[in-house]
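Beneath this line is the structure, given in structure tokens, with notes to follow.
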């Protein structure tokens with residue numbers, strides 16, 4: 001199978017009625033019909049796109065952005081003429097894109113979340129934490145920035161989202177030998193013997209990664225959109241075809257994906273060895289790349305390595321709301337399955353939307369002519385300056401004939417026969433209108449793009465000076481008018497790209513992200529005490545609403561910051577707390593503190609508000625007034641008990657002493673009685689030595 005056999009049916013013929021009836025009954029097209037659908041729709045969309053790329057100045061957009069230098073010479077000489085490159089288009093793009101991205105990512109995470117229904121705020125925050133971790137993991141900010149740059153330059157930005165599952169190796173480091181604990185004698189702690197701390201080993205473990213994907217389309221020609229789509233939202237098209245050039249490694253990764261039928265590894269590898277499967281150049285992507293000034297990489301269909309595992313093959317991927325069809329080399333169907341997402345997994349946005357059109361106008365279209373005008377005027381002006389600085393000389397024909405070229409230098413003497421035979425050409429005065437034309441051109445470029453100095457926080461150029469900027473009110477009006485176009489684009493970017501991807505990623509997480517991964521992300525990213533009490537099932541079933549508070553809408557945030565002190569004072573007043581207590585409610589002080597930290601952009605609320613230790617709890621209880629009274633009463637009771645015990649002890653001592661005295665007295669009296677009285681012999685006397 002070095003070369004894929006050509007399909008027997010006519011892939012460019014009409015679809016058979018029986019094939020359509022079968023697809024209606026089974027919900028799935030047969031492979032010959034899939035080839036017809038993919039190839040014919042690709043050609044139709046590509047032909048339509050090829051005509052529109054010239055209308056929208058796509059071929060010249062990269063040239064204008066790079067503004068390459070090309071040497072020009074005075075006619076018949078080797079003396080260079082002025083050819084200074086201008087970067088009007090690139091300056092506007094690189095001025096606007098940072099403002100757009102900073103407007104969306106002015107806080108971390110760059111979105112806010114609200115709970116819906118019975119979902120608790122803790123579960124909503126858990127969803128926010130998981131998504132914030134994933135946005136950073138898939139490099140979402142970079143992909144959004146590159147797509148926004150395409151939208152500014154070419155007029156349209158396109159992104160593709162999905163889900164990926166793969167296994168990767170991760171390295172962990174640990175000591176080569178673990179500490180040894182030796183039992184000790186009863187009542188004594190065991191003895192710990194620590195190994196050499198310098199001996200550290202690497203442990204490689206395989207981890208399965210499950211996450212959403214979000215990639216910008218590098219070149220708009222890589223995607224063919226339904227020619228009938230008349231709004232700048234790719235999701236509303238009938239179909240979208242994505243042309244890719246995949247390597248053996250890329251195709252092998254698709255083997256385990258549901259719906260894909262990839263040939264075995266050895267059969268697939270034969271396609272990359274002679275006689276190998278030929279790779280045709282994509283007609284829409286064939287553009288001239290001058291190696292002297294074009295910095296772009298080689299086309300995707302070019303072989304840039306001799307490694308057979310990294311050589312390309314063409315893959316066409318057709319999406320609609322119901323099916324996904326993938327064809328290899330326009331010959332072999334490798335996927336014919338239902339759409340797992342239920343929607344076309346592409347997002348798009350336009351810079352200047354054109355009515356009744358999907359493709360929009362970008363800065364290459366709107367201000368590209370201004371860059372050419374500025375470059376032409378400036379270089380012509382400099383040519384005139386060069387002629388004035390390096391004068392042209394006139395001599396009378398037939399007189400003072402020089403034998404060689406006359407070179408002029410300071411203090412040099414030129415011999416002539418008659419006065420006036422050799423004289424400099426009269427200099428032309430400077431053209432003042434050229435400077436005014438340059439200023440007007442730059443003003444128009446600023447107006448068209450919205451990248452004037454006020455909107456990008458730069459210094460005001462000469463062409464933008466006006467009496468309106470002499471007052472603060474006028475400057476604000478001017479900045480507001482010029483910035484409205486940027487704010488409009490930021491709003492569209494949030495509504496058409498950012499928010500739809502957040503909802504799609506949340507749905508994918510609920511359906512495909514393992515609960516173990518959710519718990520791991522929450523444990524690593526959050527330090528809240530309630531994380532251990534969260535049921536992952538409640539996070540999966542959470543109903544939430546996402547909002548993007550972009551910097552273009554910062555006025556609401558400023559209003560919140562101004563109103564927060566008044567709100568806190570009102571909520572914490574005794575009247576409010578008493579009224580809430582009557583209704584069985586209270587003010588959540590921790591939530592108020594979280595609001596304060598969010599408004600101030602401080603992310604360390606979990607480091608400031610922490611749980612008390614047992615010692616802290618005991619110390620806090622001991623500081624309470626009731627606890628102090630109880631402690632005093634306890635101390636007094638203890639003192640009274642001590643006094644009672646001391647008194648009882650004295651009484652006992654006195655009784656013992658009294659008993660001793662009685663015994664001693666009785667013994668003395670008995671010893672002192674005479675034998676005549678008792679009739680018994682008397683004992684030894686008291687104090688006797690016997």
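Before we move on, is residue 268 free of Cβ contacts under 8 Å to residues at least 40 places away in the same chain, farther than 22 Å from residue 57 by Cα and over 25 Å from the mean Cα position of the chain (by Cα)? When the stated conditions are applied, residue 268 passes them. The residues of the range 496-510 that are in contact with a strand residue (DSSP E or B) (Cβ under 9 Å, 6 or more places away or on another chain) and either buried (at least 18 other Cβ atoms within 10 Å of the Cβ) or farther than 17 Å from residue 232 by Cβ (or both), listed by number, are 496, 497, 498, 500, 501, 502, 503, 504, 505, 506, 508, 509.
Within the range 292-318, residues that are more than 25 Å from residue 224 (Cα to Cα) and in the same structural domain as residue 37 (by TED's automatic domain parsing) reach partners that are modelled with pLDDT of 90 or more and surrounded by fewer than 12 Cβ atoms within 10 Å (Cβ to Cβ) with beta carbons closer than 6 Å, at six or more positions or on different chains, in the pairs 309/249. Of everything in the range 2-38 that is assigned to a helix (DSSP H, G or I) and in contact with a strand residue (DSSP E or B) (Cβ under 7 Å, 6 or more places away or on another chain), the residue that is surrounded by the fewest Cβ atoms within 10 Å (Cβ to Cβ) is 31.
Residue 161 meets the conditions (1) touching a helix residue (DSSP H, G or I) at 6+ places or on another chain (Cβ under 8 Å); (2) part of a helix (DSSP H, G or I); (3) within 26 Å of residue 210 (Cβ to Cβ) in every case but one. The failed one is (2).
Filtered by the rule that a residue be closer than 30 Å to residue 351 by Cα and assigned to a loop (DSSP other than H, G, I, E, B), the range 72-96 gives 84, 85, 86, 87. Scanning the range 234-253 for residues that are crowded, with 18+ Cβ neighbours inside 10 Å and part of a loop (DSSP other than H, G, I, E, B) returns 237, 239.
Condition test on residue 375, is it buried (at least 17 other Cβ atoms within 10 Å of the Cβ) and either farther than 24 Å from residue 153 by Cα or out of contact with any helix residue (DSSP H, G or I) (no Cβ under 7 Å at 6 or more places or on another chain) (or both)?
Values: buried (at least 17 other Cβ atoms within 10 Å of the Cβ): yes; either farther than 24 Å from residue 153 by Cα or out of contact with any helix residue (DSSP H, G or I) (no Cβ under 7 Å at 6 or more places or on another chain) (or both): yes.
Against the criterion (buried (at least 17 other Cβ atoms within 10 Å of the Cβ) and either farther than 24 Å from residue 153 by Cα or out of contact with any helix residue (DSSP H, G or I) (no Cβ under 7 Å at 6 or more places or on another chain) (or both)), residue 375 qualifies.
Against the definition (at pLDDT 90 or above, surrounded by fewer than 17 Cβ atoms within 10 Å (Cβ to Cβ) and within 19 Å of residue 295 (Cα to Cα)), how does residue 65 come out, yes or no? So residue 65 fails the test.
Yes/no matrix, rows are residues, columns are (1) touching a helix residue (DSSP H, G or I) at 6+ places or on another chain (Cβ under 7 Å); (2) outside any helix (DSSP H, G or I):
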residue: 46; (1), (2): yes, no
residue: 68; (1), (2): no, yes
residue: 98; (1), (2): no, no
residue: 119; (1), (2): no, yes
residue: 135; (1), (2): no, no
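The rows are residues; the columns are (1) more than 30 Å from residue 499 (Cα to Cα); (2) buried (at least 16 other Cβ atoms within 10 Å of the Cβ); (3) in contact with a strand residue (DSSP E or B) (Cβ under 6 Å, 6 or more places away or on another chain).
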position: 267; (1), (2), (3): yes, no, no
position: 288; (1), (2), (3): yes, no, no
position: 320; (1), (2), (3): no, yes, no
position: 332; (1), (2), (3): yes, yes, no
position: 347; (1), (2), (3): no, yes, yes
position: 353; (1), (2), (3): no, yes, no
position: 356; (1), (2), (3): no, no, no
position: 364; (1), (2), (3): no, yes, no
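Does the range 219-233 include one or more residues that are modelled with pLDDT of 90 or more, buried (at least 16 other Cβ atoms within 10 Å of the Cβ) and within 23 Å of residue 309 (Cα to Cα)? The answer is yes; a qualifying residue exists.
Working only within the range 526-551, note down all residues that are in a helix (DSSP H, G or I) and either within 17 Å of residue 112 (Cβ to Cβ) or at pLDDT 85 or above (or both). I'd like the intermediate steps shown before the answer.
Looking only at the range 526-551, we keep the residues that are in a helix (DSSP H, G or I), and these are 529-533, 536-540, 551.
536, 537, 538, 539, 540, 551 - these are the residues of the range 526-551 that are in a helix (DSSP H, G or I) and either within 17 Å of residue 112 (Cβ to Cβ) or at pLDDT 85 or above (or both).
A count restricted to the range 397-423 and to residues that are in a strand (DSSP E or B) and at pLDDT 75 or above stands at 1. For the range 334-344, the set of residues classified as surrounded by fewer than 21 Cβ atoms within 10 Å (Cβ to Cβ), in a loop (DSSP other than H, G, I, E, B) and touching a residue at least 60 places away in the same chain (Cβ under 8 Å) consists of 340, 341, 343, listed by residue number. Screening residue 324 against (1) surrounded by fewer than 19 Cβ atoms within 10 Å (Cβ to Cβ); (2) closer than 27 Å to residue 156 by Cβ; (3) out of contact with any helix residue (DSSP H, G or I) (no Cβ under 9 Å at 6 or more places or on another chain) leaves a single unmet condition, (1).
Modelled with pLDDT under 90 and closer than 29 Å to residue 158 by Cβ, is that true of residue 484?
Numbers: modelled with pLDDT under 90: yes; closer than 29 Å to residue 158 by Cβ: yes.
Yes: the conditions hold for residue 484.
Residues that are under 30 Å from residue 50 (Cα atoms), exposed (fewer than 15 other Cβ atoms within 10 Å of the Cβ) and touching a helix residue (DSSP H, G or I) at 6+ places or on another chain (Cβ under 7 Å) within the range 269-286 comprise just one, 283. Taken across the range 142-155, residues that are outside any helix (DSSP H, G or I) and either over 23 Å from residue 106 (Cα atoms) or not assigned by TED's automatic domain parsing to the domain that holds residue 249 (or both) do occur, with at least one present.
The values are calculated or read from the model by the stated rules, or taken from the named source; none is laboratory data. Remember, predicted model here, so these are calculated numbers, not experimental data. Note: ideal-geometry Cβ built from the backbone for every residue, glycine included; neighbour counts use all protein chains shown.
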